[in-house]
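Enquirer: Shown below is the structure under consideration.
The values are calculated or read from the model by the stated rules, or taken from the named source; none is laboratory data. All of these numbers come straight from a predicted model, not from anything done at the bench. Don't worry about glycine lacking a Cβ; one is built from the backbone with ideal geometry, like all the others, and counts go over all protein chains shown.
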Amino acid sequence: MQSEIFTYVLLAGLAIALVWVIVTDLKSRTISNRLTLTVALGAPLYWLSVGLPLWPAIGLQIGLSLAVFAVCCVLFAVRQMGGGDVKLLTALALWVPPSQFTLLLIAMAMLGWVLTMAVGAWRVAHSKTIRTNPARDAALLVIGTGIAALFASAVLGGPTLPLPQSLVESSTTSVAAGLTLVLAPFIVLLVVTLGSIRIIRRHDRDVWVPYGPAISLAGIWIVASGQLLAASAAANIG
């Protein structure tokens with residue numbers, strides 16, 4: 001019982017640390033090394049609390065973290081990722097089992113996409129670029145952010161918009177209708193994404209991707225959904 005309480009305390013501490021990462025990164029675009037180190041040092045305590053065996057579970061966990069660090073270093077070298085983001089994702093990889101890490105990356109991509117558009121809308125709304133219409137462009141980006149958020153919610157198991165029954169029935173009886181129903185969301189998303197990037201670059205040459213908040217939100221989602229505990233329990237049994 002005490003071990004379970006300790007596990008939940010550690011997970012709550014991880015969630016709080018990730019929330020603080022979001023606050024500091026959005027405020028100053030920096031992630032504290034102390035905060036990242038705290039996340040990393042909390043992982044061994046978590047392994048101990050859930051009873052992970054040294055091999056293969058802990059060995060694979062460390063191997064995953066090293067692999068993530070290597071890949072992220074390449075992204076850092078080509079200026080696609082910040083140093084703080086590299087260290088944060090590497091530290092978080094010590095917590096998330098390999099079986100769940102793909103879910104973390106999917107959540108990170110989805111949430112990062114939504115955050116990029118939301119931050120872009122805020123920056124465009126405060127743009128001073130001449131010969132542009134910040135209010136109109138910001139409104140378009142807000143709409144695009146809403147569409148991206150709906151798609152992310154559907155992918156991550158959140159609320160979805162119900163489809164008309166007639167549309168669902170027609171997709172089951174017609175191959176063309178079924179294919180259209182499958183492809184339509186991706187076409188809309190492609191148009192929204194390309195249009196949003198063009199609007200943001202009209203006001204600012206750089207499109208800032210908030211990796212830190214995206215990584216943190218993905219980590220919080222993994223913790224809140226209970227998948228981290230479930231995967232750790234499965235690894236322990238195995």
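Enquirer: Considering (1) modelled with pLDDT under 90; (2) farther than 19 Å from ASP206 by Cα; (3) touching a helix residue (DSSP H, G or I) at 6+ places or on another chain (Cβ under 6 Å); (4) not charged (D, E, K, R), say which one ALA125 fails and leave the rest.
Expert: Here ALA125 clears every test but (2).
Enquirer: Find the residue count for region 51-67, including only residues that are surrounded by 15 or more Cβ atoms within 10 Å (Cβ to Cβ) and more than 25 Å from the chain's Cα centre (by Cα).
Expert: The number of residues fulfilling the criteria is 1.
Enquirer: Additional query: Against the condition out of contact with any Cys (no Cβ under 9 Å at 6 or more places or on another chain), closer than 19 Å to GLY212 by Cα and assigned to a helix (DSSP H, G or I), how does THR38 come out, does it pass?
Expert: On the way: out of contact with any Cys (no Cβ under 9 Å at 6 or more places or on another chain): yes; closer than 19 Å to GLY212 by Cα: yes; assigned to a helix (DSSP H, G or I): yes.
Against the criterion (out of contact with any Cys (no Cβ under 9 Å at 6 or more places or on another chain), closer than 19 Å to GLY212 by Cα and assigned to a helix (DSSP H, G or I)), THR38 qualifies.
Enquirer: Filter region 30-43 for residues that are touching a residue at least 24 places away in the same chain (Cβ under 8 Å) and loosely packed, with under 15 Cβ neighbours inside 10 Å; which is nearest to the chain's Cα centre (by Cα)?
Expert: Going through the qualifying residues, I end up with THR30.
Enquirer: Here is a further query. Can you say whether ARG202 is surrounded by fewer than 18 Cβ atoms within 10 Å (Cβ to Cβ), of a type outside the set (Asp, Glu), within 21 Å of ILE130 (Cβ to Cβ) and in contact (Cβ under 8 Å) with a residue 40 or more places away in the chain, as far as the supplied structure shows?
Expert: In short, yes.
Each row is one residue, and each column tells you yes or no for (1) part of a helix (DSSP H, G or I); (2) modelled with pLDDT under 80; (3) surrounded by 15 or more Cβ atoms within 10 Å (Cβ to Cβ); (4) not charged (D, E, K, R).
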position: PRO159; (1), (2), (3), (4): no, yes, no, yes
position: LEU167; (1), (2), (3), (4): yes, yes, no, yes
position: SER196; (1), (2), (3), (4): yes, no, yes, yes
position: ILE220; (1), (2), (3), (4): yes, no, yes, yes
position: VAL223; (1), (2), (3), (4): yes, no, yes, yes
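Enquirer: Here's another thing I want to ask about it. Specify which of the listed residues (VAL96, VAL114) is closer than 19 Å to ILE222 by Cα and part of a loop (DSSP other than H, G, I, E, B). Before you say what the answer is, go through the steps one by one.
Expert: On the way: VAL114 fails: part of a loop (DSSP other than H, G, I, E, B).
Within the list VAL96, VAL114, the selection yields VAL96.
Enquirer: Could you list all residues from region 134-157 that are in a loop (DSSP other than H, G, I, E, B) and either surrounded by 14 or more Cβ atoms within 10 Å (Cβ to Cβ) or touching an Asp or Glu at 6+ places or on another chain (Cβ under 8 Å) (or both)?
Expert: Correct list: LEU156 only.
Enquirer: To continue, here is another question. Can you tell which of ALA107, ALA57 is in contact (Cβ under 8 Å) with a residue 60 or more places away in the chain, under 15 Å from GLY219 (Cα atoms) and among the small types (Gly, Ala, Ser)?
Expert: ALA107
Enquirer: Could you grab me the full set of residues in region 47-61 that are of a type in the set (Gly, Ala, Ser) and assigned to a helix (DSSP H, G or I)?
Expert: Selection gives SER49, ALA57, GLY59.
Enquirer: Can you confirm whether region 69-80 contains a residue that is among the polar types (S, T, N, Q) and outside any helix (DSSP H, G or I)?
Expert: First pass over region 69-80, keeping only residues among the polar types (S, T, N, Q): 80.
Now narrow it down to the ones that are outside any helix (DSSP H, G or I): 80.
Scanning region 69-80 turns up at least one residue that is among the polar types (S, T, N, Q) and outside any helix (DSSP H, G or I).
Enquirer: With the requirement that a residue be among the aliphatic types (A, V, I, L, M) and over 20 Å from MET108 (Cα atoms), what does region 143-164 give you?
Expert: Those that are among the aliphatic types (A, V, I, L, M) and over 20 Å from MET108 (Cα atoms): ILE143, LEU161, LEU163.
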